[in-house]
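First up is the structure itself, then whatever we jot down about it.
The values are calculated or read from the model by the stated rules, or taken from the named source; none is laboratory data. All figures in this text were calculated on a predicted structure; none of them were measured in a lab. Here the Cβ positions follow ideal geometry from the backbone for every residue, glycine too, while neighbour counts run over all protein chains shown. Each accessible area value is taken on the protein alone, full model and side chains, heavy atoms only, with ligands, DNA and RNA left out. Shrake-Rupley method; radii C 1.70, N 1.55, O 1.52, S 1.80 Å.
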Amino acid sequence: MTHRQKKMIAAVTVCSLAWGIAPAANAMHIMEGYLPVSYCIAWGVLSLPFLAAGLMKIRKTLDENRRALTLLAMSGAFIFVISSLKIPSVTGSCSHMTGTGLGAILFGPCTVSILGVIVLIFQAILLAHGGLTSLGANTFSMAVAGPFLSYGIYLLGRKCKLSRLMTVFLAAFLGNLFTYCVTSVQLALAFPSQAGGAAASAVKFLGVFAPTQLPLAVVEGLLTAAVVVCLEAYAKPELKSVGYLTEVQAYGKEA
Amino acid sequence: MILIDRLCYFSRLRYVNAGEKTAFSVLTLLACILSRSAMIGLFVLAATGVLTVHKGGIPLARYIKLLAAPGAFLLLGTSAILINVSRTPLDAFALPAGPYYITGSFEGLMQGQRLLLTALASVSCLYFLALSTPMTDILAVLKKLHVPALVLELMLLIYRFIFVMLSLASDITVSQHARLGNFSLASSRKSFVAMVSSVFILSIRRSGEIFDALESRCYDGTLRVLPEDHPAKLSEIVGIAAFELLLYLAVIFLKQSGGAR
């Protein structure tokens, strides 16, 4: 336990206590049958280019190194597992990470888009989180928008020479927050308010989900940062094998 | 471990042709969201309920509990649609709050009720598939639908690895608890971070070992598994076709007769 890690954990604790009542469930998967057909199709089509890019990226990786296949599969399972684990929070409540922020930082956003869509299918069928018709919308918010923003922030943080801890925290925190905003906008577009149209509706959805999602985003950011610190301390060869450590070394030289 | 996965292996409908089950649930699902009507919703809810509980042999209490699982989303999402904040009160109800009204309209209430039933019916379609068809059978159906082989291979491996990693995670959690790792909130956070990190490290190490094991058995990128073939029965096909025909006729009739009710 380094001093920094201790500080980290203290911060996590203070934060979770400050938020008091922690979230009830991961309510941000749009439920099966909730969106009208046209929206289901539209969001699906919007995510297709990203998925195609992801597939090509994975094919390329596999051509270079066939061993990456089991590694990719393990990564997918890892994202599923951390998104289904309960985060410890104040007694009697449970919440889940999205895991996409961590995934995007470790494996890159293109790869995560494909792994994300597979994880979403499994979550729909095995856990009834999300659904088949809302798969397109959920893919866009959780496997495309969130990871790409997380990764963008991560790169930006590196450019701006922020501390790595801060960068990872911001990437995971804002990625989670962005997922929540995109989902709210998706719902608002499908169900515009009678008083004030889609914009008013978006504000309502943001408001309704805020009590569960805001604390969750902070917790996810802090935990992701703590996990990355822990991994850098103990798992150098493993990080190298997923292609993360080369970045870190480059980053070390820059900083 | 994963409740739905465990239940579906015990379903009496497990050995019915997977293509049939998938076609039934996807077509019914589409009918639900195309019509967005309360009546179709209730009808589908009843039909899939009978099929899953009576034919499939899933305990009723379990089924109802599972149906309530997405309740949090349904409650929050639908309340956001029902309740408006505006300066002018709408027709159904209005609570004054300063210069604004917390208000809703009858149209909104109708929409909310339709949405509630449609979403529940759609979830029941999903459950019909999930509670009768193991993931490997669904993958076989996807293969027939020409999903890219790489994606299918990844799905198969991920499905296997999920259980490996879940048991890894639960073992670590159990031993952390045995050492009072969840003594305080601070220590449970610490334990959680340690657990996620070691699951990551162990899983990457294990993925290398698994690839070695596969390669020593001539692995070339596809795991070839003998498919279990359960041919579709004519009576089942006729039954499903009749049901869907009836359902879609009802959907068209409702659309024609002006506005889904």
How many residues, within the range B:142-151, are assigned to a helix (DSSP H, G or I) and more than 10 Å from chain A (Cβ to nearest Cβ)? 3
Looking at (1) hydroxyl-bearing (Ser, Thr, Tyr); (2) part of a helix (DSSP H, G or I); (3) out of contact with any Gly (no Cβ under 9 Å at 6 or more places or on another chain), can you tell me which one B:Ser191 breaks? (3)
Taking the range B:121-141 and keeping residues at the interface with another protein chain (Cβ under 9 Å from one of its Cβ atoms) and over 12 Å from B:Tyr63 (Cβ atoms) leaves B:Ala121, B:Ser122, B:Cys125, B:Leu126, B:Leu129, B:Thr133, B:Met135, B:Ile138
For B:Ser170: the one exception among (1) surrounded by fewer than 16 Cβ atoms within 10 Å (Cβ to Cβ); (2) in contact with a Leu (Cβ under 9 Å, 6 or more places away or on another chain); (3) more than 7 Å from chain A (Cβ to nearest Cβ): (2)
When you check B:Ser86 against the structure, is it at pLDDT 90 or above and on the phi < 0 side of the Ramachandran plot, yes or no? no
Among the residues of the range B:174-193, what is the count of those that are modelled with pLDDT of 90 or more and within 9 Å of chain A (Cβ to nearest Cβ)? 0
Can you name the condition, by its number, that B:Ala213 falls short on among (1) facing another protein chain (nearest Cβ under 8 Å); (2) within 30 Å of B:Leu156 (Cβ to Cβ)? (1)
Of the conditions (1) surrounded by fewer than 17 Cβ atoms within 10 Å (Cβ to Cβ); (2) touching a Phe, Trp or Tyr at 6+ places or on another chain (Cβ under 9 Å), B:Lys143 fails just one. Which one is it? (2)
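Quick one: which residue in A:Ser38, A:Ser83, A:Ser89, A:Ser75 is at pLDDT below 90, closer than 26 Å to A:Gln186 by Cβ and either open to solvent by less than 10 Å² (accessible area, probe 1.4 Å) or among the hydroxyl-bearing types (Ser, Thr, Tyr) (or both)? Give the steps one after another, and end with the answer.
Details: A:Ser38 fails: at pLDDT below 90; A:Ser89 fails: closer than 26 Å to A:Gln186 by Cβ; A:Ser75 fails: closer than 26 Å to A:Gln186 by Cβ.
Only one candidate qualifies: A:Ser83.
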Tell me which helices (runs of 4 or more DSSP H) are completely within the range A:135-243 and hold 1 or more residues being open to solvent by 20 Å² or more (accessible area, probe 1.4 Å), more than 27 Å from B:Leu115 (Cβ to Cβ) and not small (Gly, Ala, Ser), or say none if there are none. A:146-159, A:164-190, A:197-234, A:236-241
Looking at A:Leu69, A:Leu48, can you tell me which residue is modelled with pLDDT of 90 or more, within 28 Å of B:Leu223 (Cα to Cα) and assigned to a helix (DSSP H, G or I)? A:Leu48
Across (1) in a helix (DSSP H, G or I); (2) more than 28 Å from A:Met31 (Cβ to Cβ), B:Phe161 clears everything bar (2)
Applying the selection to the range B:108-120, what residues are at the interface with chain A (Cβ under 7 Å from one of its Cβ atoms) and more than 18 Å from the chain's Cα centre (by Cα)? B:Gly108
Answer from B:Ile81, B:Ile58 - the residue that is touching a helix residue (DSSP H, G or I) at 6+ places or on another chain (Cβ under 6 Å), of a type outside the set (D, E, K, R) and farther than 30 Å from B:Ala140 by Cα: B:Ile81
